[in-house]
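Have a look at the structure below before the remarks.
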Amino acid sequence: MPVNMQHLVYRTAQVRERELEAAESLSVSAGQLMQRAAQSCLAALERQHPAPARVMILCGAGNNGGDGWVLARLAHAQGYRVQVVAAQPKTDLAKQAAAAWEDEHGAVEPLEQLDRTHVAEYDVIVDAMLGTGLSRDLDELYCRAVETLNDAKNFHKLWVLSIDCPTGLQSDHGVAIPVAVEADYTVTMVALKPGLLTAQAARYVGHLELAELGIAPAFRQLEQPFATLIEQEEVARHLPPRSPSSHKGSHGHVVVVGGAAGMSGAVVLAGRAALRAGAGKVSVLTHPDSHSIIASAQPELMVSSSAADSAAEVTEFITRASAVVLGPGLGESEWGRKLCEWILASDVPVVLDADGLNWLAKNPSWAKRSAPLWITPHPGEAARLLSCSIAEVEQDRWAAVKQLAQRFEAQVLLKGPGSLVAPPDSARIRICRRGTPALAVGGAGDVLSGIAGSLVGQGLATEAILPCAAWLHGVAGEHAAISGERGTLPSDLMEPLRKLVNP
């Protein structure tokens, strides 16, 4: 059976160390690999900007530049008007590819002389400067080239294709060091790399295409993936059609706990999301000041209030639950602290979010519990949980999500573009590429926690909860934002969500 590499993610070093071995096992030379890489880029170019478009190809000194030199010859042969702007090639393959271009066409300009006016004369710019594996800040030459390219692109609406990885983007961590090419399209070779999928990747990568170069089966035999993508088929598998004989008790009872005075909206959003994601019953335990507001906002929510005077009273209330969503609008008062401590001490499965995470950051021992725990921090909450800065979390989101899972013995969803899911053991990280900037609005996280709680209540496997919740939330956001990202509200996700959980 053919290997499907489209949902497998490998670290840059894995690809670098094994791609030639995989190719040699199939009697494919390094030069042939370079030719295949260039052909894949040409195919992308022809789909987006047919000849005789004007194409400038920026070539670095290494093998990424070699891909660019080969692409120049192929594109010229297809009728494109090609200009190469290059650094002096240093690797054998790059030197050979450069010589082949110069023998046929001769026209090369030095990368040092790149300027915005010249770049603006072209329809397409191909970034073949550095590719993957960048581990230190760009030097002055490449920094200047990247800034010139981005400046020209923003002023003149150029289309930019990056080969393997946008220059300046760290291909394992997804951060610009310190600047990166803002590509419209990236063709990456052999396997997907982590830094193309999360952190700042969405800003720089554009549309991502994987070119397997015909060596995927051999490569897959040599290396185990570092992470895997969350796909629609997986979500559908965990949400089969319901039995005709089911009743409300068959689909779980979710209790949403939160809604301090002035923060009732968070609970309403989480409760509605739990209902739309398919929970059989949803109750709310809230502050007395919020009781009437929440009860009138959604008639299907069963609302109770607590002054948090008695741990026994609160514990008794939640024992009826299949799952508790703890944290939306919980606040930072003593009322919220007590509820958080008491509920985490219970043996009910808990999805912890928002202010619940802030209380956990102050009291990490509360995570030591017998029942399952799912936590869904954004980078700011993750930083508080790990006692570090947001910048440190974002510098290596992969390490951060694993540290969170191990430290709190929880299933963890680290939110943000390219959300990451990690279990407390050493199992593989999952990544969700779905979503939209429309979700960058207050209340979107409450919807996510409600979805997750609903899936817990409906009895999905522990490790499936957060991957499915992340995918449903991201895709519902995409559907809700069809009319425009600005102004999309978290409540707009409810109807798309209902459709998505009924595949």
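The values are calculated or read from the model by the stated rules, or taken from the named source; none is laboratory data. Keep in mind that what you see is a predicted model, and the values were worked out from it rather than measured. All Cβ positions, glycine included, derive from the backbone under ideal geometry; neighbour counts span all protein chains shown.
State whether one or more residues within segment 143-163 are buried (at least 20 other Cβ atoms within 10 Å of the Cβ), in contact with a helix residue (DSSP H, G or I) (Cβ under 6 Å, 6 or more places away or on another chain), among the β-branched types (Val, Ile, Thr) and assigned to a loop (DSSP other than H, G, I, E, B).
No: zero hits.
Looking at 285, 301 in this structure, which one is surrounded by 18 or more Cβ atoms within 10 Å (Cβ to Cβ), touching a Gly at 6+ places or on another chain (Cβ under 6 Å) and either under 30 Å from residue 501 (Cβ atoms) or basic (Lys, Arg) (or both)?
Result: 301 is the single residue among 285, 301 that is surrounded by 18 or more Cβ atoms within 10 Å (Cβ to Cβ), touching a Gly at 6+ places or on another chain (Cβ under 6 Å) and either under 30 Å from residue 501 (Cβ atoms) or basic (Lys, Arg) (or both).
Within segment 401-421, how many residues turn out to be over 21 Å from residue 365 (Cβ atoms) and small (Gly, Ala, Ser)?
3
Pick from 191, 227, 202: which is out of contact with any Phe, Trp or Tyr (no Cβ under 9 Å at 6 or more places or on another chain), among the hydrophobic types (A, V, I, L, M, F, W, C) and either crowded, with 24+ Cβ neighbours inside 10 Å or within 19 Å of residue 7 (Cβ to Cβ) (or both)?
Only one candidate passes the filter, namely 202.
Here are some residues: 117, 148. Which one is modelled with pLDDT under 95 and at negative phi?
117
Select, from 279, 297, the only residue that is under 18 Å from residue 470 (Cα atoms) and assigned by TED's automatic domain parsing to the domain that holds residue 337.
The match here is 279.
Quickly run through segment 456-479 and pick out the residues that are surrounded by 23 or more Cβ atoms within 10 Å (Cβ to Cβ) and over 20 Å from residue 375 (Cβ atoms).
Matches in segment 456-479: 476, 477.
Looking at (1) within 30 Å of residue 149 (Cβ to Cβ); (2) surrounded by fewer than 15 Cβ atoms within 10 Å (Cβ to Cβ), which one does residue 243 not meet, given that it meets all the others?
Of (1) within 30 Å of residue 149 (Cβ to Cβ); (2) surrounded by fewer than 15 Cβ atoms within 10 Å (Cβ to Cβ), only one is false for residue 243: (1).
To keep it simple, each residue is scored yes or no on (1) assigned by TED's automatic domain parsing to the domain that holds residue 188; (2) surrounded by 19 or more Cβ atoms within 10 Å (Cβ to Cβ); (3) under 14 Å from residue 217 (Cα atoms).
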position: 11; (1), (2), (3): yes, yes, no
position: 15; (1), (2), (3): yes, yes, yes
position: 18; (1), (2), (3): yes, yes, yes
position: 23; (1), (2), (3): yes, yes, yes
position: 37; (1), (2), (3): yes, yes, no
position: 48; (1), (2), (3): yes, no, no
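In the list 107, 180, 99, which residue meets the criterion of being touching a helix residue (DSSP H, G or I) at 6+ places or on another chain (Cβ under 6 Å) and aliphatic (A, V, I, L, M)?
Going through 107, 180, 99 in turn, just one is touching a helix residue (DSSP H, G or I) at 6+ places or on another chain (Cβ under 6 Å) and aliphatic (A, V, I, L, M): 180.
For residue 272, indicate whether it is of a type in the set (Lys, Arg), outside any strand (DSSP E or B) and surrounded by 24 or more Cβ atoms within 10 Å (Cβ to Cβ).
yes
Return the residues of segment 391-418 that are over 19 Å from residue 456 (Cα atoms) and either basic (Lys, Arg) or without any contact (Cβ under 8 Å) to a residue 60 or more places away in the chain (or both); say none if nothing qualifies.
Of everything in segment 391-418, those that are over 19 Å from residue 456 (Cα atoms) and either basic (Lys, Arg) or without any contact (Cβ under 8 Å) to a residue 60 or more places away in the chain (or both) turn out to be 391, 392, 393, 397, 399, 400, 401, 402, 403, 404, 406, 407.
Would you tally the residues in segment 25-34 being in contact (Cβ under 8 Å) with a residue 24 or more places away in the chain, surrounded by fewer than 17 Cβ atoms within 10 Å (Cβ to Cβ) and either assigned to a helix (DSSP H, G or I) or at positive phi (or both)?
3
Report yes if residue 133 is in contact (Cβ under 8 Å) with a residue 24 or more places away in the chain, in the same structural domain as residue 220 (by TED's automatic domain parsing), surrounded by 24 or more Cβ atoms within 10 Å (Cβ to Cβ) and over 19 Å from residue 39 (Cα atoms), otherwise no.
Answer is no for this residue.
Count, please, the residues in segment 322-336 that happen to be part of a loop (DSSP other than H, G, I, E, B) and crowded, with 20+ Cβ neighbours inside 10 Å.
The total comes to 6.
For the structure I just gave you, tell me whether residue 181 is in a loop (DSSP other than H, G, I, E, B) and over 17 Å from the mean Cα position of the chain (by Cα).
yes
Filter segment 27-57 down to the residues that are touching a Leu at 6+ places or on another chain (Cβ under 7 Å) and farther than 19 Å from residue 209 by Cβ and list them by number.
30, 31
For segment 198-241, give me each residue that is assigned to a helix (DSSP H, G or I) and among the polar types (S, T, N, Q).
Once the filter is applied, which keeps residues that are assigned to a helix (DSSP H, G or I) and among the polar types (S, T, N, Q), segment 198-241 yields 221, 232.
Determine which single condition residue 191 fails, assuming it passes every other condition in (1) closer than 25 Å to residue 49 by Cβ; (2) among the hydrophobic types (A, V, I, L, M, F, W, C); (3) modelled with pLDDT of 95 or more.
(1)
Residues that are among the small types (Gly, Ala, Ser) and in the same structural domain as residue 476 (by TED's automatic domain parsing): list the helices (runs of 4 or more DSSP H) wholly contained in segment 337-443 that include at least 3 such residues.
379-386, 397-408
When you go through 171, 135 one by one, which is the residue that is closer than 26 Å to residue 227 by Cβ, polar (S, T, N, Q) and either at pLDDT 95 or above or in a helix (DSSP H, G or I) (or both)?
171
Out of segment 242-258, which residues are outside any strand (DSSP E or B) and in contact (Cβ under 8 Å) with a residue 60 or more places away in the chain?
Scanning segment 242-258 gives 251, 252, 258.
For segment 44-70: of the residues being under 15 Å from residue 160 (Cα atoms) and assigned to a loop (DSSP other than H, G, I, E, B), which is farthest from the chain's Cα centre (by Cα)?
53
Which is in the same structural domain as residue 350 (by TED's automatic domain parsing), out of contact with any strand residue (DSSP E or B) (no Cβ under 9 Å at 6 or more places or on another chain) and either at pLDDT below 95 or among the aliphatic types (A, V, I, L, M) (or both), of 448, 455, 493?
493
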